[in-house]
Amino acid sequence: MFKTVIRRAGKCAAVAAAGLMMMSAQAAEPIKIGSFLSVTGPASFLGDPELKTLEMYVEKINEEGGVLGRQLELIHYDDVGNASSARNFASRLIRSDQVDIIVGGSTTGATMAAVPLVEQAQVPFISLAGAVVITNPVKKWVFKTPQTDRMAAERILADMKDRGITKFGLISGTGGFGSSGRTQTLEVAEQMGMEVVADETYSGSDTDMTAQLTNIRNTNGVEAVLNFGFGQGPAIVTRNYAQLGMELPFYQSHGVASDSFLELAGSSAEGLRLPASPLLVPDSLPNDDPQKEVVQNYKAEYEARWDSKVSTFGAYAYDGLMLAVRAMEEAGSTDPEAVRNALENIKGYVGVTGVFNMSPEDHNGLDPESFRILEVQNGEWKLID
Amino acid sequence: MLNTFMQSRLRGLMILALILIILPAFLGNPFHYELVTQMAIIAATVVGLNLLVGFAGQISLGHAGFFGLGAYFTGIATGTYGWPSVPALVVGAIVVGFIAWIVGRPILRLKGHYLSMATLAVGFIIAIILNNERALTGGPDGMPVPAFEVFGWELSAFGSYSLFGIDIEGFQAWYIFASVVLLVAVWFALNLIESPIGRALRSVHGSEVAASVVGVNTAKYKSLVFVISAIYASLMGSLYAHFQGFITPAVASFEFSILFITMVVLGGMGSTFGVIIGAVVLKLLPQVLADFQELEHVMFGLILMLTMIFMPKGLLPTLTAFVSRKMRKKAGGEA
């Protein structure tokens, strides 16, 4: 008898508690921001700073009162750099968690795997991955914050042209980043009337690229060398380049624009140029540069909070989140269609990566000038242009 | 005798069908449907692999290669060349079966570790080709695959359909479709196992020498079952590609091959229903552990290790043995 009373009382309490929770949830329903990132696995150098950035700025925005008077709730999953789990988590975010917007997708593969789903479910999606295929052709619900590899190629080739170089040798990795970069470089070179006289590749696990570099050196008419690649490959190319005593102007892509690359390549990196985010040289930016303050603040806040070096990749997440917030504020609601339209019409948003001017034809909104050309001098980045 | 055997064989199939019919009552949202649909497709692949591993005793470490080939054949044929889905699926399976036959002839002469190494190499070669043939496969960044379509009728996870007067959503339609596919796959496997071919295969597993002494053409049966399991993988790869809508070379990766083998070992080698449980558990784990990202791999390893130590025969065989022992004890006690 006593037992049943206790049990009934317990049930009542449980029901009441559940009811209370539901009521409080209704009172201030948070805006759900979904994210799937490669926090662990081979692409963790992308996903880790991205997640840290999202966490810290969602916290900060909530402390400052949230968006549209509502708190933000970050729901994130780790896709381990695997495209099919990225797709599954995107599906979970859309269908199970019912998020209002997705900011994520560390790699191009992960992003593209989620794109068909996002397009059909009609949820705004801001990708943090690089390749040009994500926003070209334009997909109605898909946006992205990093510059495309095509822009990097344009920026590098423009800089070469300024130095009077028209013929260069290309060496690229066979991974996703390198091979996409190679395709774009070949196309851009043709458009700009430049000639790729040598075209070499290496695979991600190669430990010596002397043979490819020797081929390039022995090609007639080479005036410069460009390496498009990701990870440790470019560092090895850079060291081999110095070991061979090659004196031609040497370019790397934005894929290695980080301080850890400088550590890996050491003194052999001396004199090489690459396109990079202003985040690498926040203090050298001229005072009239609109990005200067944003870049300095992001760097200071990130490094204070996480006690680790800031990275360009985290900045993509920063811009993604801020664009999402701005779009929701402008739309005045979290209605997907309204947010999407607002995103598409964002003009002059000053981010860490660049100044974004979205349009129905351009879901990236950056121009090649958002890349800064840096040169390694005395083991440090030096702003050239 | 034969009658009871038949009954017990179909009983398992009936139970599986019953579970698949009841299951939707427990599925809360479309994402759950999607997950179960994937489980069914992967489970059917593993049922095919189990024929090779569990019954013929040949380890294939490259099965994701065949799965990936099927997926990419469908992706390229329907996406790039606009073939209808069914011919693409069938032709893909025939091509993959043929490749498996060519590759299998020399490989299956090898024994033990050498066979595993050779299948491993085949899997790697397929993955490398898919990665590097950018013009055809889209390279490491993958390629989109159109929705499954029969006579102009598209089966998309996002559509809504009317079936026998009942309105169903696309994800439910896919669930039904995948369930039927799984049932057919299991039914075929069960029949194969009980056929003379199945007996020959088990004799190969027991002792290849003894089998050949009693007149079993071991090479023929081994390559036959290798081809059959590759065709299973190819068909399921095609369906997986249609369902996912986007594929990357990761579907043909070594990790994926290992996952398949793990499903077989975890569920119970040689137990058709056991490997389905293996597939379900291993597909479910990443989702269940999603909130403990850092611990995911640790937990994963721990579960595998504990299963291997305490249930070396796999989940289902150990459990059924346990239950029947208990039952016998109870019956003995009462008598």
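Neighbour counting of Cβ atoms within 10 Å sorts the residues A:260, B:271, fewest neighbours leading, into A:260, B:271. Between A:350, A:256, A:138, the residue with the greatest mean-square fluctuation in the GNM of chain A (Cα pairs under 10 Å linked by springs) is A:138.
Remark on residue A:126: its backbone amide H falls under 5 Å from those of A:102, A:103, A:104, A:143, a criterion applied only to residues 5 or more positions apart or on other chains, H modelled at 1.01 Å from N.
Around the amide H of residue A:200, modelled in the peptide plane, lie the amide H atoms of A:170, A:171, A:172, all under 5 Å away and 5 or more residues distant in sequence or on another chain. Under the classification rounded if a/c is under 1.5, otherwise prolate if a/b is larger than b/c and oblate if not, where does chain A fall, given a ≥ b ≥ c as square roots of the Cα gyration tensor eigenvalues? It is prolate, given that a/c is not under 1.5 and a/b is the larger ratio.
Across the range B:239-253, the residues whose backbone nitrogen lies under 18 Å from the label position 7 Å along the beta-carbon direction of residue B:149 are B:239-247.
In order along the range A:359-367, the Karplus-derived 3J(HN,Hα) couplings, from 6.51 cos²θ - 1.76 cosθ + 1.60 at θ = phi - 60°, round to 7, x, 8, 9, 8, 10, x, 9, 10 Hz, and Gly and Pro are given as x. Among the listed pairs A:52/A:299; A:309/A:347; A:52/A:309; A:52/A:139; A:139/A:347; A:140/A:347, those with a Cα-Cα distance over 21 Å are A:309/A:347; A:52/A:139. For the range B:88-94, backbone phi angles converted through the Karplus equation (6.51, -1.76, 1.60; θ = phi - 60°) give residue-by-residue couplings of 4, 4, 5, 4, x, 5, 5 Hz, Gly and Pro being listed as x. Using a cutoff of 8 angstrom between alpha carbon atoms and counting only pairs six or more residues apart, the relative contact order for chain A works out to 16 percent.
Taking the fewest neighbouring Cβ atoms within 10 Å as the starting point, the ordered list for B:306, B:49 is B:306, B:49. Projected label points at residue B:210 and residue A:382, each 7 Å from Cα along the beta carbon direction, are separated by 7.9 nanometres.
Fewest first, what order do A:375, A:247 take by the number of other Cβ atoms within 10 Å?
By the 10 Å Cβ count, ascending: A:247, A:375.
In sequence order, the range A:133-144 has phi-based couplings of 4, 5, 10, 9, x, 5, 10, 3, 9, 10, 10, 8 Hz under the Karplus curve 6.51 cos²θ - 1.76 cosθ + 1.60, θ = phi - 60°, and Gly or Pro positions carry x.
Would you mind pulling out the separation of the Cα centroids of the range B:53-116 and the range B:12-49, in Å? The distance from the Cα centre of the range B:53-116 to that of the range B:12-49 comes to 24 Å. If you take the Cα centroid of the range B:177-227 and the Cα centroid of the range A:202-278, the two points sit 54 Å apart. Between residue B:220 and residue B:160, the C-beta separation translates, for a Förster distance of 60 Å, into a calculated FRET efficiency of about 0.80. The simple Förster model, with R0 at 51 Å and r as the Cβ-Cβ distance, assigns residue B:10 and residue A:220 a FRET efficiency of 0.10.
For the range B:2-295, rounded, prolate or oblate, judged on the Cα gyration tensor with a ≥ b ≥ c (square roots of eigenvalues), a/c < 1.5 rounded, else prolate if a/b > b/c? It comes out oblate by the Cα gyration axes. Seen against the Cα atoms of chain A and their longest principal axis, helix A:312-331 is set at about 50 degrees. Let a ≥ b ≥ c be the square roots of the eigenvalues of the Cα gyration tensor of the range B:69-184; is it rounded (a/c under 1.5), or, if not, prolate (a/b larger than b/c) or oblate? Prolate, because a/c is 1.5 or more and a/b exceeds b/c. A cut-off under 15 angstrom between Cβ atoms defines the neighbours of residue B:168, and their net charge, with Lys, Arg +1 and Asp, Glu -1, is -4.
Each value in this text was obtained by applying a stated rule to the coordinates, not by laboratory testing. Owing to the predicted nature of the structure, the values given are computational and were not obtained by experimental measurement. Glycine gets a Cβ as well: all are built from the backbone with ideal geometry, and neighbour counts include every protein chain shown.
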